[in-house]
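A.B. asks: Supplied in structure tokens, the structure appears directly below.
The values are calculated or read from the model by the stated rules, or taken from the named source; none is laboratory data. Computed from a predicted model, the values in this text were never measured in an experiment. All Cβ positions, glycine included, derive from the backbone under ideal geometry; neighbour counts span all protein chains shown. Just so you know, the surface numbers come from the protein's heavy atoms only, side chains and all, with ligands and any DNA or RNA stripped out. Shrake-Rupley method; radii C 1.70, N 1.55, O 1.52, S 1.80 Å.
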Amino acid sequence: MAIEETTKAKKKTRPEVDREILLRAYLLMCTAKRMADTYDENREICSKYVHSTSRGHEAIQLAAGLQLKPIDYASLYYRDEAMLLGIGLQPYELMLQLMAKRDDPFSGGRTYYGHPSLRRDGFPVIPHQSSATGMQAIPATGMADGISYLESQQLIKDEGDRSIVLCSLGDGSVTEGEVAEAFQMAVLKKLPIIYLVQDNDWGISACGKEMRAMDAYEYAAGFKGMERMAVDGADFVDSYLGIKKAFEFVRQRKGPILVHARCPLLGHHTSGVRREWYRGDDLEVHQQYDPFVKLKQYLLEQGETTDTLDAILQEATDIVANDYQRAIQAADPDPADFDSHEFAPSVIVAETGERSPKGGEKVIMVDAALHAVDEILKKHPEALFYGQDVGRRLGGVFREAATLALKYGDARVFNTPIQEAYIVGSTAGMSAIGAKPIVEIQFADYIWPGINQLVEELSKSCYLSRGKFPIQALIRVPIGAYGGGGPYHSGSIESTLLTIRGIKVVYPSNAADMKGLLKSAFYDPNPVVLLEHKGLYWSKVPGTGDAKTIEPDEDYRIPLGKASVVQSASQERVENGESCVIITYGMGIYWSKEASKSFVDQVEIIDLRTLNPIDWEAIITATKKHGRVLVLTEEPLLNSFAESIAGRISKECFQYLDAPVWTLGAANLPAIPLNVELEKMMLPNADKVRKALGELLAY
């Protein structure tokens, strides 16, 4: 739908906005326009890094930015430069990001222009987010979900105004499936969020008619409970009054609302995709609706003088010119600081509590996990647990959440729709609010729809915000084959997860480790994926009896990144060069124990327990001690985490090796077959490990 078809003539008499606000908006609109012009005039300098500007979108962005409060939260998209000016950011600060300077307030030169992450007194909180082409809708909705939860538990004081979340979206991003997941949860739970859709009818070079069957306003009608509003996004007064109503609606907790704002696109898509490459006659049409021209004309009609407006324009021009020169001269980042803030510092650095308290009873792994979560929920009212089928009716398909909803209520332990992206991505928003989410993906094979959020929103947040927004999230994932589970319930995914930097991956093999690691994962300020082998849950698989242990006490913690020695070789065998070490985890521990019975006193077994960060010191020490190493995994071996470890051992410990580093894993096939005999052929087992040990020790 062309912009001229939707911009309606306004009556001369309409509700007024305070003169002070109008003149402030005009100053900031002049500022945003002059910044965009400056970047074009100095393209050789300003286009070193890709950037986008707000030209054409200034009216709706300022209408929102000027009304956000310090108690609010915002999730902005890469064109929201004017909105950042509206909430109080200075041109100089934005230019520091434009030029990737050291004192860029968002990321210290690490991320693109218009990608804010702000935690500053007197300003709305703006958590880190990705390039915001739809993915930000889920973390933003997670923030609203977190606010709603904390309010339900009286953990947020009601001091009159209530916090809201503003999620800003470009129109092209609304076609993303993850936006639909966000909308679904917002209406399902009546969350306090405004989705501001800025519709300029373009998505890079694709226009609206190529990308969508309906605009965002029409699309939102399909989500029962989503209030809708359409405003002229090129008209500041119409936008301001509309946004004011939307904010009031959400602050009164009447539910979510979508504000659809038609805007012209007057600048380039980005500095890397310039308008002259793809824009035709429509650019002239869009220029007829320039918000800057419209606001200036409106102010003149309201009695402001040309001299007043010219003086404001000159003030903005001077500010931009001075800030630009300052930004050019500002210091660049220290290259030596390039690797800081991958993770926030862990609070648990040593094993604490009682692993085997006197009088303790043995528990199976699934119950150890249940008890750990129960203790967390009891102690921390800000903690909550959600995922598919974990609510009160079932308590998890493995009964790993049994009784929790009954104890703590449906606001704290609840089912989600079949939305893995939302389950994972919402934790970023929850964490920014101060809630502490524990979530569950029902099977490892189902995690793939959530990988986008895990990679783009969770893993990069701490690093790109320079530590302002680490994401505290515990993501539980049942994993592994257990006899006839078939291709969609038996997979192992750790190698894929371990290519994602900025997340931690934990893999316990017994009940005591399960409880200690789950507790530490919850208290870790970073995203942690906890892989829980289904075949070890109940110790029903032959040979897995040792997975059942005395239950540790409530204070038991195991620091992430520390392996354990679960079986040692005799000193005599070691001195005679007749020993080896198996590096493994999960079910591999039990295959190794059974296989090593054929090689009495010759086999040390190391349980990694945490796959990232890995206990490399333990691996090096064991390699030097034995000179023979077998790396064992349940995954298909080719290009796996196990092969990566083997390669690193070969490189760093070559002079200590008495044999090549042996590796053993599943067959290199795309899925685990349903038939149990076929499954046995594909997977490792004790017999296959026994054969590999014989070859390694005889080498």
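A.B. asks: Calculate, for GLU382 and ILE328, the FRET efficiency according to 1/(1 + (r/R0)^6) with r their C-beta to C-beta distance and R0 41 Å; round to the nearest 0.05.
C.D. replies: 0.40
A.B. asks: Summing -39500 (n - 2.57) over the DSSP H runs of n ≥ 4 in the chain and dividing by its residue number, what mean residue ellipticity at 222 nm do you reach, to the nearest 500 deg cm²/dmol?
C.D. replies: Dividing the helical sum by the residues of the chain leaves -11000 deg cm²/dmol.
A.B. asks: Go through segment 107-124 residue by residue and turn each phi into a ³J(HN,Hα) via Karplus (6.51, -1.76, 1.60, θ = phi - 60°); whole Hz please, and just put x for glycine and proline.
C.D. replies: Values per residue, Gly and Pro as x: 9, x, x, 9, 10, 5, 4, x, 10, x, 8, 10, 9, 9, 4, x, 10, x Hz.
A.B. asks: Based on a Kirkwood Rh over C-alpha pairs, give the Stokes-Einstein translational diffusion coefficient of segment 564-699 at 4 °C and viscosity 1.567 mPa s in µm²/s.
C.D. replies: Diffusion coefficient, whole number: 87 µm²/s.
A.B. asks: Can you list the aspartates and glutamates whose alpha carbon is less than 14 Å from that of LYS624, not counting same-chain residues fewer than 8 positions off?
C.D. replies: Once the sequence-local aspartates and glutamates are set aside, what remains near LYS624 is GLU575, GLU578, GLU604, GLU652, ASP658.
A.B. asks: For the pair GLU575/THR352, report the inter-label distance in nm, with labels modelled 7 Å from Cα in the Cβ direction.
C.D. replies: 4.1 nm
A.B. asks: If contacts are Cα pairs under 8 angstrom and at least 6 residues apart, what is the relative contact order of the chain in percent?
C.D. replies: So the answer I get is 12 percent.
A.B. asks: Just for the chain, what percent of DSSP beta bridges are antiparallel, to the closest 5? All intermediate terms of the calculation are to be shown ahead of the outcome.
C.D. replies: On the way: 13 of 68 bridges.
Antiparallel bridges make up about 20 percent of those DSSP assigns within the chain.
A.B. asks: Further, regarding this structure: With 19 Å as the limit, write out which pairs from LYS189/LYS224; LYS625/LYS651; LYS48/LYS101; LYS597/LYS691; LYS69/LYS224 have Cα-Cα distances beyond it, or answer none.
C.D. replies: From the list (LYS189/LYS224; LYS625/LYS651; LYS48/LYS101; LYS597/LYS691; LYS69/LYS224), the Cα-Cα distance tops 19 Å for LYS69/LYS224.
A.B. asks: Could you report segment 116-253's accessible area per residue, 1.4 Å probe, as an integer in Å²?
C.D. replies: 38 Å²
A.B. asks: Would you list VAL455, VAL197 from the most to the least accessible area, probe 1.4 Å?
C.D. replies: VAL455, VAL197
A.B. asks: With +1 on the Cβ of every Lys and Arg and -1 on the Cβ of every Asp and Glu, and nothing else charged, how large is the dipole of the chain about its Cα centre, in debye rounded to the nearest 20?
C.D. replies: Dipole magnitude for the chain comes out near 1220 debye.
A.B. asks: What fraction of the DSSP beta bridges in segment 76-226 is antiparallel, stated in percent and rounded to the nearest 5?
C.D. replies: 40 percent
A.B. asks: Tell me the accessible surface of TYR278 in square angstrom (1.4 angstrom probe, heavy atoms of protein chains only), to the nearest ten.
C.D. replies: For TYR278, the solvent-accessible surface is approximately 50 Å².
A.B. asks: What is segment 359-440's relative contact order, in percent, from Cα pairs under 8 angstrom and six or more apart in sequence?
C.D. replies: Normalised by residue count, the contact order of segment 359-440 is 32 percent.
A.B. asks: Can you list the HN-Hα couplings for segment 34-45, worked out from phi with the Karplus curve (6.51, -1.76, 1.60; θ = phi - 60°), rounded to whole Hz and with x for Gly and Pro?
C.D. replies: The phi angles translate into 5, 4, 4, 5, 4, 5, 5, 5, 10, 4, 4, 8 Hz.
A.B. asks: Enumerate the amide H contacts of ALA473 below 5 Å, restricted to partners 5 or more residues apart or on another chain; note that Pro and chain-start residues carry no placed amide H.
C.D. replies: For ALA473, whose amide H was placed from the backbone, the distant partners under 5 Å are ASN526, VAL528.
A.B. asks: Can I ask one more? With all protein chains present and a 1.4 Å probe, how do ASP37, ASP524, ASP121, ASP687 order by accessible area, largest first?
C.D. replies: ASP121, ASP687, ASP37, ASP524
A.B. asks: From the Cα gyration tensor of segment 480-547, with a ≥ b ≥ c the square roots of its eigenvalues, which class applies: rounded if a/c is under 1.5, or else prolate if a/b is larger than b/c, or else oblate?
C.D. replies: oblate
A.B. asks: Next question. So who's got an amide H within less than 5 Å of the one on THR549, skipping anything under 5 residues away but keeping other chains? H placed 1.01 Å off N, in plane.
C.D. replies: For THR549, the qualifying residues are VAL363, ALA511, ALA512.
A.B. asks: Is the C-alpha gyration tensor of segment 383-424 telling us rounded, prolate or oblate? Criteria: a/c under 1.5 is rounded; beyond that, a/b larger than b/c is prolate, otherwise oblate.
C.D. replies: It is oblate, given that a/c is not under 1.5 and a/b is not larger than b/c.
A.B. asks: Now for a separate question. Expressed as a whole number of Å, what is the distance separating the alpha-carbon centroids of segment 208-243 and segment 364-414?
C.D. replies: One Cα centre to the other: 39 Å.
A.B. asks: Run the accessible area of the chain with a 1.4 Å probe and give the carbon-and-sulfur part as a rounded percent.
C.D. replies: 50 percent
A.B. asks: Express in nm, to one decimal, how much length is gained between ALA659 and VAL397 on full extension, taking 0.36 nm for each residue of separation and deducting their alpha carbon distance.
C.D. replies: Value of the extension gain: 89.9 nm.
A.B. asks: Run the reach check for LYS680 against aspartates and glutamates, Cα to Cα strictly under 14 Å, same-chain hits fewer than 8 apart removed. What comes back?
C.D. replies: Straight-line reach from LYS680, under 14 Å: GLU634, GLU635.
A.B. asks: Within a Cβ distance under 11 Å of ARG609, other residues only, what is the Lys/Arg minus Asp/Glu net charge?
C.D. replies: So the surrounding residues net to -2.
A.B. asks: At 1.4 Å probe size, with no ligands or nucleic acids counted, give the accessible surface of TRP616 in Å², nearest ten.
C.D. replies: Roughly 40 Å² of TRP616 is accessible to a 1.4 Å probe.
A.B. asks: Can you figure out the FRET efficiency of VAL285 with LEU23, using R₀ = 35 Å and their beta-carbon distance, to the nearest 0.05?
C.D. replies: Here the calculated transfer efficiency is 0.75.
A.B. asks: Residues with beta-carbon under 10 Å from that of LYS468, excluding LYS468: net charge, scoring Lys, Arg +1 and Asp, Glu -1?
C.D. replies: +3
A.B. asks: What pairs from LYS190/LYS245; LYS358/LYS504; LYS254/LYS294 go past 24 Å between their alpha carbons?
C.D. replies: LYS358/LYS504; LYS254/LYS294
A.B. asks: Taking the Cβ of ARG162 as the center, what net charge do the other residues with Cβ under 15 Å away carry, scoring Lys and Arg +1 and Asp and Glu -1?
C.D. replies: Details: positive: LYS69, LYS157, LYS190, ARG251, ARG253, LYS254; negative: ASP72, ASP145, GLU151, ASP158, GLU159, ASP161, GLU248.
Surrounding charge for ARG162 is -1.
A.B. asks: Still on this model: Specify whether the C-alpha gyration tensor of segment 215-313 places it in the rounded, prolate or oblate class, a ≥ b ≥ c being the square roots of the eigenvalues: rounded for a/c under 1.5, otherwise prolate if a/b is larger than b/c and oblate if not.
C.D. replies: It comes out oblate by the Cα gyration axes.
A.B. asks: Once phi is turned into ³J(HN,Hα) by the Karplus curve 6.51 cos²θ - 1.76 cosθ + 1.60 with θ = phi - 60°, what whole-Hz value does each residue of segment 658-666 show in order, with x for glycine and proline?
C.D. replies: Couplings: 9, 7, x, 6, 7, 10, 8, x, 6 Hz.
A.B. asks: Looking at [x] 31.5; [y] 26.4; [z] 27.5, which value of Kirkwood radius over Cα pairs in Å comes from a calculation on the structure shown?
C.D. replies: Correct label is [z].
A.B. asks: Also, I was wondering about something else. Keeping every protein chain in place, order THR38, THR175 by accessible area at 1.4 Å, biggest value first, i.e. largest first.
C.D. replies: If we order THR38, THR175 from most to least accessible, we get THR175, THR38.
A.B. asks: Could you please state, rounded to a whole Å, how far the C-alpha centre of segment 446-470 is from the C-alpha centre of segment 54-118?
C.D. replies: 20 Å
A.B. asks: In the full protein assembly as shown, how much of ASP658 is accessible to a 1.4 Å probe, in Å² to the nearest 10?
C.D. replies: Approximately 90 Å² of ASP658 is accessible to the 1.4 Å probe.
A.B. asks: Give me the percent relative contact order of segment 65-191, please, defined on Cα pairs under 8 angstrom at least 6 residues apart.
C.D. replies: 29 percent
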